[in-house]
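Notes to accompany the following structure.
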Amino acid sequence: MKKLTIIFIHLLALITIFVVVGTIPKKRDSQTNKFDGILERNVTIQILENDTAIKQGYLKELLDSFNRKYAEYGIVAKDANMDQYSDLEQDGPYGYGPDVLYQANDRLMRYVDGKHITPIPVSTLDTYNQIDENAWKAYNRSVEGTAYTFGVPVNIQGPLMYYRKDLLPSSWRETYDKNNNDIPDMLENWNDMYRFSLEKKNAGFWGYMRSFLEPYFSSGFLFSYGGYAFGDDDTNQDDIGFSKGEAYKGIQIIRQLASVMDERCIDDTITVTAYSQLAKGNFFATITTPDVYTLFVDEFSKEGVSLDNLGIANIPYLPKSGDLTEENPELIPCKMMGGIQGYAISSYTKAPNASLAFVDFATSYNNISRRNVLLGIAPARNDVALEVGGLSQVINDNIKNGFISIMPSIKATGQIWTPLQTLFQDIAKDPFRSGNEQAKYLSKEQFQAALEKVDKQIYDAIHTLQ
């Protein structure tokens with residue numbers, strides 16, 4: 001009897017060791033096998049969408065059509081009725097989180113570390129072959145040596161230039177079309193936008209206007225000259241690169257653009273008023289993302305201004321020298337920060353196959369086309385982008401050509417925003433310093449030192465909080 005007891009204890013010890021070292025399958029493995037293709041019946045799945053999709057009626061339309069299609073299975077998809085930025089890490093373990101959530105890649109992918117979202121068998125989806133590999137890359141992650149995909153791209157976020165066609169000078173073909181291509185020069189390069197905005201400011205009006213508070217819209221000026229967020233294709237949090245290459249030139253660009261505005265560019269005043277200010281004709285141009293196009297529509301409607309007067313263009317090229325005052329500059333593409341908004345599936349869902357069916361349905365050709373019509377998105381699906389044409393295709397081409405730098409999909413990304421925001425505000429303030437408060441950013445050395453300080457702040461924040 002004693003011998004049997006000893007054997008039992010040894011077996012128990014071995015099982016414990018196997019669990020600790022990982023010989024017994026872990027949660028990650030079981031997650032990848034939860035999609036067996038057999039739809040759960042008589043289940044309700046909660047869908048977390050963004051506020052714009054709810055406000056414009058797209059989510060209701062999507063849910064109604066999905067529920068009709070899957071009524072025979074008793075599957076019902078409902079609005080999760082939660083804040084669009086609800087935290088799955090906090091809500092999911094207690095059963096309060098959604099089954100399917102729609103957010104930007106940097107927000108979704110921070111849930112990978114805690115295993116809050118599940119790998120998705122994306123090759124089974126209708127949309128799989130229609131999305132460029134650079135968009136899929138935003139949702140790819142290697143976990144314990146195995147590659148997984150945790151999200152499905154829907155919408156490419158990349159800044160565009162929005163401007164008032166009717167505020168172009170009547171003689172622009174003579175004064176702002178040096179290459180005679182029938183496109184105003186200020187929409188093609190930042191040097192001419194700077195010159196035009198300076199002329200407008202001196203005449204008591206405003207040309208290009210954009211707040212520098214948000215690093216999302218400002219860091220691209222650093223990326224264009226060789227800067228980057230993290231090394232190893234934005235996966236190495238030990239290598240912070242905002243000061244790398246000739247990124248200091250981007251500081252000069254920001255400072256020069258701020259000088260043709262007023263002090264509203266230091267905070268978020270311009271950002272929140274740009275839609276109405278363009279509608280009223282007080283601003284000539286601003287940059288923002290396609291998903292807020294409906295806000296321009298609303299404001300133009302309020303002012304009784306025809307939407308025919310709203311122009312949209314790609315982001316202008318930058319001078320290789322980093323100097324907006326240079327005449328006849330050599331030009332380089334402006335590489336802006338962007339994001340990929342998409343769907344992910346909660347690891348806590350009790351209906352994984354129904355959730356996957358919803359993601360497949362929502363990312364189908366017809367529903368992405370409809371999303372484009374109602375919300376003005378730039379579709380990640382190449383076939384829809386090709387059908388829509390125009391700037392949707394331009395944004396797809398931008399991501400293929402590397403002109404959009406996707407927000408890093410690692411948790412450390414959360415530490416980059418505050419140091420960058422502080423720096424960009426300080427740069428934007430520089431042209432307006434007077435009296436005893438002297439300008440701080442006037443030389444390459446000052447630009448470089450400021451960026452190196454940001455890199456250190458980000459590094460310290462990441463490693464202090466770990």
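Here is the figure for region 31-58: residues that are over 13 Å from VAL359 (Cα atoms) and not in a loop (DSSP other than H, G, I, E, B) total 9. Restricting attention to region 398-454, the residues that are assigned to a helix (DSSP H, G or I) and under 28 Å from VAL260 (Cα atoms) add up to 28.
Going by the structure shown, is LYS400 open to solvent by 30 Å² or more (accessible area, probe 1.4 Å) and either over 30 Å from ASN155 (Cα atoms) or in contact with a Cys (Cβ under 7 Å, 6 or more places away or on another chain) (or both)?
Working: open to solvent by 30 Å² or more (accessible area, probe 1.4 Å): yes; either over 30 Å from ASN155 (Cα atoms) or in contact with a Cys (Cβ under 7 Å, 6 or more places away or on another chain) (or both): no.
Against the criterion (open to solvent by 30 Å² or more (accessible area, probe 1.4 Å) and either over 30 Å from ASN155 (Cα atoms) or in contact with a Cys (Cβ under 7 Å, 6 or more places away or on another chain) (or both)), LYS400 does not qualify.
In this structure, is ASN328 farther than 23 Å from THR288 by Cβ, of a type outside the set (Lys, Arg) and either open to solvent by less than 30 Å² (accessible area, probe 1.4 Å) or modelled with pLDDT of 95 or more (or both)? Spelling it out, it is not the case that ASN328 is farther than 23 Å from THR288 by Cβ, of a type outside the set (Lys, Arg) and either open to solvent by less than 30 Å² (accessible area, probe 1.4 Å) or modelled with pLDDT of 95 or more (or both). Scanning region 124-142 for residues that are in contact with a strand residue (DSSP E or B) (Cβ under 9 Å, 6 or more places away or on another chain), more than 16 Å from SER409 (Cβ to Cβ) and assigned to a helix (DSSP H, G or I) yields TYR128, GLN130.
With respect to the conditions (1) modelled with pLDDT under 95; (2) under 25 Å from LEU307 (Cα atoms); (3) within 32 Å of the chain's Cα centre (by Cα); (4) not in a helix (DSSP H, G or I), SER170 falls short on a single one, namely (3).
Is it the case that SER197 is buried (at least 22 other Cβ atoms within 10 Å of the Cβ), among the polar types (S, T, N, Q) and within 17 Å of the chain's Cα centre (by Cα)? Spelling it out, it is not the case that SER197 is buried (at least 22 other Cβ atoms within 10 Å of the Cβ), among the polar types (S, T, N, Q) and within 17 Å of the chain's Cα centre (by Cα).
Being touching a Gly at 6+ places or on another chain (Cβ under 8 Å), buried (at least 19 other Cβ atoms within 10 Å of the Cβ) and within 24 Å of ALA279 (Cβ to Cβ) is a property that holds for PRO159.
Scan the strands (runs of 3 or more DSSP E) fully inside region 221-312 and keep the ones with 1 or more residues being open to solvent by 40 Å² or more (accessible area, probe 1.4 Å) and not aliphatic (A, V, I, L, M). If you could, list the steps in order and put the result at the bottom.
Numbers: elements: 228-230, 236-241, 283-288.
The qualifying strands (runs of 3 or more DSSP E) are 228-230, 236-241.
If only residues of region 95-143 that are out of contact with any Asp or Glu (no Cβ under 7 Å at 6 or more places or on another chain) and acidic (Asp, Glu) are counted, the one that is surrounded by the most Cβ atoms within 10 Å (Cβ to Cβ) is ASP99. Among the residues making up region 268-291, a single one is within 21 Å of ALA104 (Cα to Cα) and without any contact (Cβ under 8 Å) to a residue 40 or more places away in the chain: VAL272. Could you list, in sequence order, the residues of region 419-446 that are in contact (Cβ under 8 Å) with a residue 24 or more places away in the chain, in contact with a Lys or Arg (Cβ under 8 Å, 6 or more places away or on another chain) and over 16 Å from PRO215 (Cβ atoms)? Matches in region 419-446: ASP430, PRO431, TYR441. When each of SER224, SER219, SER243, SER197 is tested for being at pLDDT 95 or above and over 21 Å from LYS335 (Cα atoms), the lone residue that passes is SER197.
The values are calculated or read from the model by the stated rules, or taken from the named source; none is laboratory data. These figures come from a predicted structure and were not determined experimentally. Here the Cβ is made from the backbone with ideal geometry for all residues, glycine too, and neighbour counts use every protein chain on show. With ligands, DNA and RNA removed, areas are computed over all heavy atoms of the protein, side chains included. Shrake-Rupley method; radii C 1.70, N 1.55, O 1.52, S 1.80 Å.
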